[in-house]
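All remarks here apply to the structure that follows.
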Amino acid sequence: MALTDPSKRLEAIPPYMFAELERKVADKRDAGIDVISLGIGDPDMPTYDHVVAAMQGAVAENGNQKYPSNRGRAEFREAFAAFYGRRFGVEIDPETEVIPAIGAKECIYNLCFAFLDPGDVALASDPGYPVYTGGPVLAGADVEVLPLVPELGFAPDLDAIGPDALRRARLLFLNYPNNPTGAIAPDGLFERVVELAREHEILIVHDNAYSETTYDGYVAPSFLQTPGAKEVGVEVFSLSKGYNMTGWRCAAILGNADAIQTYWRLKTNVDSGLFEAVQLAGAAALEGPSEPLAEMNAIYTRRRDLVVDALREIGVEVASPKGTIYVWAPVPDGHTSTSFCEHVLEQAAVVISPGSMYGPSGEGFFRISLTTPDERLTEAVERLREHLS
Ligand SMILES: *Cc1c(COP(=O)(O)O)cnc(C)c1O
């Protein structure tokens, strides 16, 4: 064992396989080639004015510089409870059913440490957000991937989960509107998940990063709207994407009070809470006008149409997503996810993400993010038309 060897758990995380693609991007840029990246999902537009103003006030206020409480400010918990009531018709007790998280990523990771032991299983949507698999592995537990089936509207086939996995499963990670597939929650899925959770005593973790980022009149539900959901699950609501706040690290966990209590207990050992100025800004975001969100969604709708039209023109059969900031499409025949993304980079100097980055079931797909400013996205789409037709 050498001085700097990583732990076995860290070693067990699948290696990052896209270093090669990143090296090619860096080489091109070094050679002076204007590479446009449609890879990362990180909103390019500013945080809304009323949120910035609230932060500016809160940051200057004496008291907010102190260690925050891990339970969160009353203003934050009450703003979330009111928002869930108004927006989803879900009743949340601000005392026991919501606490802040330092982003959804922290929350999902720490839920693994709060609920998983070696020998336990986490069921993880595949393709999915990488922490659904990395978190359990770092906690010393096992992962059973639930392939999202295109024919089922990118729902997992719950009947296909093996008996051993069901017996050992303690957590199930779901996410709709879905990253990376852009799918919305198929009818009846949440109800079936609640039944499964009851039958096998599995805590459901619904990662809600995109309910406010939807198009064509679609209004996304909260998992907690499902009858019985609060008895078996929690929802992680992140302000990162919908409110253009990825850098702020502002999210909350809502739902089952006992599960939240356990997560809190873990967190008191790990971090010292969410900066209270950020909590107050988060409250302002939820209480503020909805017009900025509508304007943002209009921008994404325009960008989505630009991308979908161009892909269809070059012969890619793509569904137009009703939510999220991603377009998910099959790679042309004869390509793997990675070979197609390398081809696009070579031909068009445009970076797109291989679907296999998000898990084995992502193989055969690629993802385009809509978080690039309009002129650059237009330029990227022109290049795809020109070089890939
Ligand atoms: C972006 C994203 C997150 C990250 O949220 P943070 O609050 O910024 O940590 C979590 N889950 C999904 C599905 C995402 O796409």
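The values are calculated or read from the model by the stated rules, or taken from the named source; none is laboratory data. If you're wondering where the values come from, they're calculated on a predicted model, not measured in any experiment. Neighbour counts are summed over all protein chains in view; Cβ atoms, including those assigned to glycine, are modelled from backbone coordinates with ideal geometry. Just so you know, the surface numbers come from the protein's heavy atoms only, side chains and all, with ligands and any DNA or RNA stripped out. Shrake-Rupley method; radii C 1.70, N 1.55, O 1.52, S 1.80 Å.
Values for this structure:
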quantity	calculated
Selection from region 233-251 of residues that are out of contact with any helix residue (DSSP H, G or I) (no Cβ under 9 Å at 6 or more places or on another chain) and not in a helix (DSSP H, G or I)	Lys241
Subset of region 153-180 [farther than 22 Å from Gly364 by Cα and within 13 Å of the ligand (Cβ to nearest atom)]	Phe173
Residue pairs meeting the criteria (Cβ under 8 Å; at least 6 apart or on separate chains; first in a loop (DSSP other than H, G, I, E, B), in region 32-45; second at pLDDT 95 or above and of a type in the set (Phe, Trp, Tyr))	Gly41/Tyr326
In region 119-158, the residues that are under 13 Å from His200 (Cα atoms) and either free of Cβ contacts under 8 Å to residues at least 40 places away in the same chain or assigned to a helix (DSSP H, G or I) (or both)	Leu158
Test: residue in region 119-132 that is of a type in the set (D, E, K, R), more than 16 Å from the ligand (Cβ to nearest atom) and modelled with pLDDT of 95 or more	yes
Candidate set: region 91-103, residues that are within 16 Å of Gly273 (Cβ to Cβ) and open to solvent by less than 30 Å² (accessible area, probe 1.4 Å); chosen: the one nearest to the ligand (Cβ to nearest atom)	Gly103
Evaluation of Ser356 against (1) surrounded by 24 or more Cβ atoms within 10 Å (Cβ to Cβ); (2) within 17 Å of the chain's Cα centre (by Cα) (one fails), failing number	(1)
Answer from Tyr84, Tyr67 - the residue that is open to solvent by less than 80 Å² (accessible area, probe 1.4 Å) and either among the polar types (S, T, N, Q) or not assigned by TED's automatic domain parsing to the domain that holds Ser356 (or both)	Tyr84
Breaking point among (1) in the same structural domain as Gly39 (by TED's automatic domain parsing); (2) under 20 Å from the mean Cα position of the chain (by Cα), for Asp305	(2)
In region 338-353, the residues that are in a loop (DSSP other than H, G, I, E, B) and surrounded by fewer than 22 Cβ atoms within 10 Å (Cβ to Cβ)	Ala349
Per-region count, region 191-219, residues away from the ligand (no atom under 16 Å from the Cβ), not β-branched (Val, Ile, Thr) and not in a loop (DSSP other than H, G, I, E, B)	9
Members of region 15-45 found to be loosely packed, with under 11 Cβ neighbours inside 10 Å and under 23 Å from the mean Cα position of the chain (by Cα), listed by number	Pro15, Tyr16, Ala19
Contacts under 9 angstrom Cβ, first residue in region 226-250 being closer than 28 Å to Ala197 by Cα, partner among the hydroxyl-bearing types (Ser, Thr, Tyr) and away from the ligand (no atom under 14 Å from the Cβ), 6 or more apart	Ala229/Ser222; Gly233/Thr226; Val234/Tyr263; Glu235/Tyr84; Glu235/Ser222; Phe237/Tyr84; Phe237/Ser222
Count - residues of region 145-187 that are open to solvent by less than 20 Å² (accessible area, probe 1.4 Å) and within 19 Å of Ser353 (Cβ to Cβ)	9
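To keep it simple, each residue is scored yes or no on (1) open to solvent by less than 10 Å² (accessible area, probe 1.4 Å); (2) assigned by TED's automatic domain parsing to the domain that holds Tyr109; (3) in contact with a Ser or Thr (Cβ under 9 Å, 6 or more places away or on another chain).
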site	(1), (2), (3)
Arg192	no, yes, no
Val205	yes, yes, no
Thr213	yes, yes, yes
Lys241	no, yes, yes
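Each row is one residue, and each column tells you yes or no for (1) in a helix (DSSP H, G or I); (2) small (Gly, Ala, Ser); (3) open to solvent by less than 20 Å² (accessible area, probe 1.4 Å).
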position: Pro221; (1), (2), (3): no, no, no
position: Glu231; (1), (2), (3): yes, no, no
position: Ile253; (1), (2), (3): no, no, yes
position: Asp258; (1), (2), (3): yes, no, no
position: Tyr263; (1), (2), (3): yes, no, yes
position: Ala285; (1), (2), (3): yes, yes, yes
